[in-house]
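Comments concern the structure below.
Since every read-out is calculated from the coordinates, none of them should be taken as a lab result. Everything quoted here is computed from the prediction, not taken from an experiment. Backbone-built Cβ (ideal geometry, glycine too); neighbour counts: all protein chains shown.
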Amino acid sequence: MFKCCNRFYACFHCHQESETHPVRRWPETEFHEQAILCGVCRAQMTITDYRRTSSCNNCGAAFNENCRHHAGLYFDTGQHPSAAQKSKRPQDPRSNGLF
């Protein structure tokens, strides 16, 4: 669930396409909130529990491991959100001087 609108979206981009307001990240003091929804069984879990596991605590469905690379977009983890997003983007091969 996004902190800013209390709605569930699959990802940051889905939120951006559907809402007109900016994303607000969950502060660490609120990681006890049930803000994660399993896409398989629809069970909710806390942000703390989600960050400690790689699968749903209810049904065992695996979470996308790549989501950890951009957790800073959703949770205030001390990493600037744009840094989290940029650090995992594939580099343009033309930028290394080979092309």
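Net charge in the neighbourhood of THR48 (other residues with Cβ under 11 Å of its Cβ; Lys, Arg +1, Asp, Glu -1) is -2.
CYS67 to ASN6: extension gain in nm, 0.36 nm per residue of separation minus the Cα-Cα distance? Walk me through the numbers on the way to the answer.
Details: separation 61, 0.36 × 61 = 21.96 nm, distance 1.97 nm.
Extending this stretch completely gives an extra 20.0 nm.
Each Lys or Arg adds one and each Asp or Glu subtracts one; over the other residues with Cβ under 14 Å from the Cβ of ARG24, this totals -2.
What the phi angles of the range 6-17 give under the Karplus curve with 6.51, -1.76 and 1.60, with θ = phi - 60°, is a coupling list of 6, 10, 8, 9, 5, 7, 4, 5, 4, 4, 4, 6 Hz, glycine and proline written as x.
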